[in-house]
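Enquirer: Dropping the structure in here first, questions after.
The values are calculated or read from the model by the stated rules, or taken from the named source; none is laboratory data. Keep in mind that this is a model prediction, so the values were computed, not measured. With ideal geometry, Cβ positions are generated from the backbone for all residues, glycine too; neighbour counts draw on all protein chains shown. Please note that ligands, DNA and RNA were not included when accessible areas were found on the heavy atoms of the full protein model with its side chains. Shrake-Rupley method; radii C 1.70, N 1.55, O 1.52, S 1.80 Å.
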Amino acid sequence: MRHRLARAGARLFPVALIVAVAVALVFLALPVIAIFTDVSPKELIDSLDDDTTVDALKLSLQTTLTALVIILVIGTPVAWALATRRFRGKQILETIIELPLVMPPAVAGIGLLAALGPKGILGPLFDSLDVQLVFQTAGVVVALTFVASPFYLRQAQAAFSTVDRSLLEASRTLGASEARTFGRVACPVAFPSLLSGAALAWGRALGEFGATLVFAGSFQGVTQTAPLAIYAQFGTNFPGALALAAVLVCFSIAILGGVKLLGRLQPT
Amino acid sequence: MQCLGIVRQGRHPIRWLAAAACVVAAAGCASSSSGGSQPTLTISAAASLKDAFTTCAQSFQQAKLKFSFAGSDQLAAQIRQGASPNVFASANTKLPDQLAAEGKLSKPQVFAGNKLVIAVPQDSKITGLADLAKPGTSIVIGDASVPIGSYTREVLGRLPPAQEKAILANVKSEEPDVASIVGKLTQGAADAGFTYVSDVKGTKGQLKAVDLPANLQPNVAYGAGIVKGTPNTKESQAFIDDVISGSCSKVMQQNGFLPPPNA
């Protein structure tokens, strides 16, 4: 009896797998397809010719790329330090770094406001330096950096820890300093992984909504990024919102495609 | 039952987590089924109605009430896209009228009024529109698509063009609903904003309201209707009636709303 059940289970399992994959595929792909089919391509392209939309796309590119540069410049050494060193409280540090991954973006925005806003912890300091972030493009960059950095940090740390130890040791025994080893050996070897981490962080930054709205606000050409413009247009200009959404989806597909390609380039 | 299997198999910490998850899930099931004969109504309501409606729900007998609060334009767009809450309560009459004309809503009823004010932090020195036009004042308003934003533009449009321009030049953010305007003000991110007087009341002293000259005051009328094709229309109508003239109307007035204006 048991035997027969087990055999039936063995035969059913591949079928169950196919069903599960089909369900997942339809569920995940349908909304994406709907964005492109709900409105005609001509209408999509026409509604891109609108200054709210153009401003939003420009601002999104500008702010996400700025955030990405900050993430790369500061994040790469941080990831190296985490990958090569053991110290007390390392796990706590890693948890703090990863927290924005699971934090609701609106909470991130409130946190940023409470830390860097006019009434926040650093508010008086910023005030005395005449630095303003809230309602400024710089504030958008701060929000994007906060939310997107863990995507890069995690990937970069993993990339550095899989770099062949013998390569690093060879570099060291040949008299290279750690800085030189990092710059000339570790970074080039880990490069494809670092790049795909950067792409993921960029993708997350492009989609950022909640933290930006709460911390930086929404103003055309200053703080209204593409996701915020989509939300603002959703009520009154649905084709316009869809058109912007379509552009973002294309970006996301390109980014993910790039990551997959990089994955193939990676030495195993 | 599946839960139990997992719990039995699991190792120590996981087992407790799984058990906790099961308890939560079971509690969720239990509470959602315990309504019995009482139906549940879903109400899509303007963000400015949040405090008042949440209070009203506690004493409403005919049904359990579930709310979705957001900018009225967002809620209307959701209904256009096929969402079907039982009742749509908007911060204007335009959106419910449009939905009714499209056949998606029963004939709307005006259920409350409100007053537009300049909301400022309690310790602010701003006393009127003239202060909003001064350079360096940071102002947040609603996006043009949401009722609070269009009322605000109505007021500004009645000002001398130079003053309107000066005030608009100080606008730092166009927020998607009134709740997020209030948030920016209570956080000290902005110096002033245009909100409803009821929103200022809802902050319990964190903000104060600066009145607008009476000749600039727009006619703020809230309209509600029953979404076509939804069940329990009797209870839905009972809720709207309760807001207009029942115990909820008193709650509304305690929260700073005005009686329905005669539109």
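Enquirer: Part of a helix (DSSP H, G or I) and closer than 19 Å to A:Val69 by Cβ: is that true of A:Phe191 in this structure? Break it down stepwise before answering.
Expert: On the way: part of a helix (DSSP H, G or I): yes; closer than 19 Å to A:Val69 by Cβ: yes.
So A:Phe191 fits the description; yes.
Enquirer: OK, next. Name the residue, out of A:Ser47, A:Ser60, that is open to solvent by less than 30 Å² (accessible area, probe 1.4 Å) and under 23 Å from A:Ala205 (Cβ atoms).
Expert: Details: A:Ser47 fails: under 23 Å from A:Ala205 (Cβ atoms).
Exactly one residue qualifies, and that residue is A:Ser60.
Enquirer: Applying the selection to segment A:207-224, what residues are more than 11 Å from every other protein chain (Cβ to nearest Cβ) and either in contact with a strand residue (DSSP E or B) (Cβ under 7 Å, 6 or more places away or on another chain) or surrounded by fewer than 23 Cβ atoms within 10 Å (Cβ to Cβ) (or both)?
Expert: A:Gly207, A:Gly221, listed by residue number.
Enquirer: Now for a different question. Can you tell me which residues in segment A:76-97 are of a type outside the set (Gly, Ala, Ser) and either surrounded by 15 or more Cβ atoms within 10 Å (Cβ to Cβ) or not assigned by TED's automatic domain parsing to the domain that holds A:Pro150 (or both)? Give the derivation first.
Expert: So in segment A:76-97, the residues of a type outside the set (Gly, Ala, Ser) come out as A:76-78, A:80, A:82, A:84-88, A:90-97.
Once the filter is applied, which keeps residues that are of a type outside the set (Gly, Ala, Ser) and either surrounded by 15 or more Cβ atoms within 10 Å (Cβ to Cβ) or not assigned by TED's automatic domain parsing to the domain that holds A:Pro150 (or both), segment A:76-97 yields A:Thr76, A:Val78, A:Trp80, A:Leu82, A:Thr84, A:Glu94, A:Ile97.
Enquirer: So, one more: Right, A:Thr223: farther than 28 Å from A:Leu101 by Cα and modelled with pLDDT of 90 or more or not? Walk me through it before giving the result.
Expert: Details: farther than 28 Å from A:Leu101 by Cα: no; modelled with pLDDT of 90 or more: yes.
Considered against the rule, which asks whether it is farther than 28 Å from A:Leu101 by Cα and modelled with pLDDT of 90 or more, A:Thr223 comes out as no.
Enquirer: Could you tell me which of the residues A:Thr181, A:Thr145, A:Thr162 is at pLDDT 90 or above and open to solvent by 40 Å² or more (accessible area, probe 1.4 Å)? It would help to see each step written out before you state the result.
Expert: On the way: A:Thr181 fails: open to solvent by 40 Å² or more (accessible area, probe 1.4 Å); A:Thr145 fails: open to solvent by 40 Å² or more (accessible area, probe 1.4 Å).
Result of the check over A:Thr181, A:Thr145, A:Thr162: A:Thr162.
Enquirer: Let me ask another. Within segment B:109-185, considering only helices (runs of 4 or more DSSP H) that don't extend past its boundaries, which have at least 2 residues that are within 14 Å of chain A (Cβ to nearest Cβ) and out of contact with any helix residue (DSSP H, G or I) (no Cβ under 7 Å at 6 or more places or on another chain)? Steps first, please.
Expert: On the way: elements: B:129-132, B:147-157, B:161-169.
Those helices (runs of 4 or more DSSP H) span B:147-157.
Enquirer: On to the next question. Just to be sure I understand the filter: pairs with C-beta atoms under 8 Å, separated by 6 or more residues or on different chains, first member in segment B:231-248 and over 20 Å from B:Lys104 (Cβ atoms), second member open to solvent by 40 Å² or more (accessible area, probe 1.4 Å) and among the small types (Gly, Ala, Ser). Which pairs pass?
Expert: Close Cβ pairs (under 8 Å, with a partner that is open to solvent by 40 Å² or more (accessible area, probe 1.4 Å) and among the small types (Gly, Ala, Ser)) amount to B:Ser247/B:Ser59; B:Cys248/B:Ser59.
Enquirer: A further question on this structure: Are any residues in segment B:132-189 among the aliphatic types (A, V, I, L, M), open to solvent by 50 Å² or more (accessible area, probe 1.4 Å) and over 20 Å from A:Asn237 (Cβ atoms), and if so, which ones? Don't jump to the end; show me each part of the working.
Expert: Of the residues in segment B:132-189, the ones among the aliphatic types (A, V, I, L, M) are B:132-133, B:139-141, B:144, B:146, B:148, B:155-156, B:159, B:162, B:166-169, B:171, B:178-179, B:181-182, B:185, B:189.
Still in the running and open to solvent by 50 Å² or more (accessible area, probe 1.4 Å): B:144, B:162, B:168-169, B:179.
Result: B:Ala162, B:Leu168, B:Ala169, B:Ala179.
Enquirer: Look through A:Pro227, A:Pro192, A:Pro239 and report the one residue that is under 18 Å from the mean Cα position of the chain (by Cα), surrounded by fewer than 23 Cβ atoms within 10 Å (Cβ to Cβ), of a type outside the set (A, V, I, L, M) and within 14 Å of chain B (Cβ to nearest Cβ).
Expert: On the way: A:Pro192 fails: within 14 Å of chain B (Cβ to nearest Cβ); A:Pro239 fails: under 18 Å from the mean Cα position of the chain (by Cα).
Going through A:Pro227, A:Pro192, A:Pro239 in turn, just one is under 18 Å from the mean Cα position of the chain (by Cα), surrounded by fewer than 23 Cβ atoms within 10 Å (Cβ to Cβ), of a type outside the set (A, V, I, L, M) and within 14 Å of chain B (Cβ to nearest Cβ): A:Pro227.
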